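J.: This is the structure I want to talk about, given as structure tokens.
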Amino acid sequence: MIEFSLTDEQKQLQQLARDFARREIIPIASEYDQKEELPWQVVEKAHEVGLLNLSVPEHAGGLGLGMLDECLIGEELAYGCMGIYTVLMASELGITPILVGGSEEQQKRFLAPLVEKPALAAFALSEPNNGSDAAAMHTTAVLDGDEWVLNGTKMWISNGGKADITVVFATTDRNGGHRATVALVVEGMPEGMSANKIHHKMGQRASHTAELVFENVRVPRANQLGGLGDGFKIAMKTLDKTRIPVAAGSVGIARRALDESVKYAREREAFGKPITSFQAIQFKLAEMLMGIETGRLMSWKAAWLVDQGLPHATESSIAKAYCSEMAFDAANEAIQVHGGYGYVGEYPVEKLLRDVKLNQIYEGTNEIQRVVISRNLLK
Ligand code: COS
């Protein structure tokens, strides 16, 4: 059976997120992009209306929403602003390893506080000198009695330093490869942990990105997710899931690019007619819609597989790579439709292009998605 219709609850969630984007995100998106500042009031409002930390399970007091639900919401948030989307959805990225590798006790302990108040989670895997080769991490974890002692630097961490919990991946033996990795939940900013904000990003500037430095940071052993040596696999299983909302967010950006293009093209005249009457413009709009519909289907399929408990790594990577490239093209063409006006901040389309570039890089570059897809194809 194939079923494309949404349940009433899903339609309500979608509408809630759409209204939220229109009321709370779109009016401030440009200002916070320019200020390079995380709009904390949006986090508070998202918490208030139930759009924050969606994947916290019911046994930890959350809504326990599924991946398709997350995609519906993610598309709407990204339509408003991809940077603000990243603030909210990077929290889901921080929660997911706890769902993947944490015990029920750990899920309750770490996740229940994330629904009680406006609070964020973060995921710290990449380092200054390794991103794609995630197993080659240099951050060390050394056991001292009942505590792990963390040393090292994590890089490009969304919500880094702002999050109430940060899942940090570290090695217990630099020569041990992925089998010597652990996943540790760091609560707040313990002694020895510091965050340095990364400035002058090309886009997604309302999202707070930081370098995290750990100097002899002590983490209780009870905060270790899974077993010794499970860290890398927990990270991989997490990304297999969280790349799907990135795809959905990309669809949201592409939809915004199309809507802005249609609006402008209807108003703008050339050669005595609105530019919508020219095929050069019509075909660009048609291409955008073709990409949006195709990309949404792929992200929904990947999300459906997750919700069914079926293997989803290949589909997740296809959706992430396809949708981020499709959305990049849509944003680029939206600028072309706007001509010179598209190149300046007066219209929202130049921001779409700056923002969407990151979708081709974070949660695994699109080259890494092709590694995943081809390895799964050939194995
Ligand atoms: N789920 C579960 N297990 C996985 C897995 C997955 N998706 N991918 C790999 N593994 C397991 C393998 O089965 C293997 O286990 P065994 O040694 O027990 O057989 C182990 O992990 C190592 O796998 P592999 O040899 O394939 O790992 P590589 O070092 O070659 O790395 C890639 C694989 C490149 C796919 C991985 O490093 C990656 O995804 N990199 C990108 C990281 C990323 O997305 N960073 C973004 C940070 S968040 S913004």
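Rule-based calculations on the coordinates, nothing more; no lab input. What you see is a predicted model; the values in this text were computed from it and never measured. Positions of Cβ are generated from backbone atoms using ideal geometry, with glycine treated the same way; all protein chains shown enter the neighbour counts.
J.: Quick one: dipole size for the stretch 267-379, taken about the Cα centre, charges +1 on Lys/Arg Cβ and -1 on Asp/Glu Cβ, in debye to the nearest 20.
T.: Result for the stretch 267-379 is approximately 300 debye, rounded to the nearest 20.
J.: Using a Gaussian network model of the chain whose springs link C-alpha atoms within less than 10 Å, name the residue from G192, G340, G203 with the highest mean-square fluctuation.
T.: G340
J.: Under 19 Å Cα to Cα from K237, which lysines show up? Leave out anything in the same chain fewer than 8 places away.
T.: List returned: K301, K320, K379.
J.: Over the stretch 233-378, what is the relative contact order in whole percent, taking alpha-carbon pairs under 8 Å and six or more residues apart?
T.: Worked out over the stretch 233-378, it gives 32 percent.
J.: Test of understanding: ordering L63, L111 by Cβ neighbours within 10 Å, fewest first, what list do you get?
T.: Ranking L63, L111 by Cβ neighbours within 10 Å, fewest first, gives L63, L111.
J.: Related question: Based on a Kirkwood Rh over C-alpha pairs, give the Stokes-Einstein translational diffusion coefficient of the stretch 233-378 at 10 °C and viscosity 1.306 mPa s in µm²/s.
T.: It comes out at roughly 100 µm²/s.
J.: Something else about it: Got a sec? Charge dipole of the chain, +1 on Cβ for Lys and Arg, -1 for Asp and Glu; which of V344, I2, S277 is way out at the positive end?
T.: S277
J.: Have a look at I157, S194, H178 and report the one farthest towards the positive end of the charge dipole of the stretch 122-228, computed about the Cα centre with Cβ charges (Lys/Arg +1, Asp/Glu -1).
T.: I157
J.: Taking only C-alpha pairs under 8 Å that are 6+ residues apart, what is the relative contact order of the chain in percent?
T.: The value is 17 percent.
J.: Given T209, G291, A78, which one lies farthest toward the positive end of the charge dipole of the chain, if we put +1 on the Cβ of every Lys and Arg and -1 on the Cβ of every Asp and Glu?
T.: G291
J.: Another one. Report the paramagnetic label zone for M290: residues of the stretch 250-284 whose backbone N is under 11 Å from a point 7 Å from Cα along the Cα-to-Cβ axis.
T.: Hits in the stretch 250-284 for M290 at 11 Å: 283-284.
J.: OK, next. Provide Rg over Rh for the chain; use the alpha carbon set for both Rg and the Kirkwood Rh (inverse mean inverse pair distance).
T.: 0.99
J.: Percent antiparallel among DSSP beta bridges with both residues in the chain, to the nearest 5?
T.: Bridges in the chain are about 85 percent antiparallel.
J.: Connecting C-alpha atoms closer than 10 Å in a GNM of the chain, tell me which of N223, N366, N196 has the biggest fluctuation.
T.: The residue that fluctuates most here is N196.
J.: With +1 on each Lys and Arg Cβ and -1 on each Asp and Glu Cβ, how big is the dipole of the chain about its Cα centre, in debye rounded to the nearest 20?
T.: Dipole magnitude for the chain comes out near 720 debye.
J.: Hey, what number do you get for the chain at 222 nm if only DSSP H runs of n ≥ 4 count, each worth -39500 (n - 2.57), divided across all residues, to the nearest 500?
T.: Calculated from helices alone, the mean residue ellipticity at 222 nm is -17500 deg cm²/dmol.
J.: Of all beta bridges DSSP finds with both residues in the stretch 41-188, what is the antiparallel percent, to the nearest 5?
T.: Roughly 70 percent of the DSSP beta bridges within the stretch 41-188 come out antiparallel.
J.: Here's another thing I want to ask about it. Whose amide H sits under 5 Å from the amide H of G226, counting only residues 5 or more places off or on another chain, with H placed in the peptide plane?
T.: Counting only residues 5 or more places away or on other chains, the set is S103.
J.: Next up: In the calculated pair distance distribution of the stretch 126-202, what percentage of Cα-Cα distances lie above 15 Å?
T.: Of all Cα-Cα distances in the stretch 126-202, 58 percent exceed 15 Å.
J.: What ranking do 182-190, 140-148 get when scored by the average of other Cβ atoms within 10 Å per residue, highest first?
T.: 182-190, 140-148
J.: Over the stretch 1-54, what number does the Rg to Rh ratio reach, with both radii from the alpha-carbon atoms and Rh per Kirkwood?
T.: 1.12
J.: Right, next: Can you put L258, L114 in order of Cβ neighbours within 10 angstrom, beginning with the fewest?
T.: Final ranking by Cβ density, sparse to dense: L258, L114.
J.: Specify the inter-centroid distance of the stretch 261-281 and the stretch 25-49, based on alpha-carbon positions, in whole Å.
T.: 33
J.: How would you rank H312, H199, H59, going from fewest to most other Cβ atoms within 10 Å of each one's own Cβ?
T.: Going from sparsest to densest Cβ surroundings: H199, H59, H312.
J.: Can you list the trypsin sites (Lys or Arg not before Pro) in the stretch 35-143 that are in a DSSP coil and have 15 or fewer other beta carbons within 10 angstrom?
T.: Passing sites in the stretch 35-143 do not exist.
J.: Separate question: Across bins of 5 angstrom width beginning at 0, how are the C-alpha pair distances of the stretch 8-120 distributed, in whole percent?
T.: The percentages, shortest bin first, are 2, 12, 24, 24, 18, 12, 6, 2, 0.
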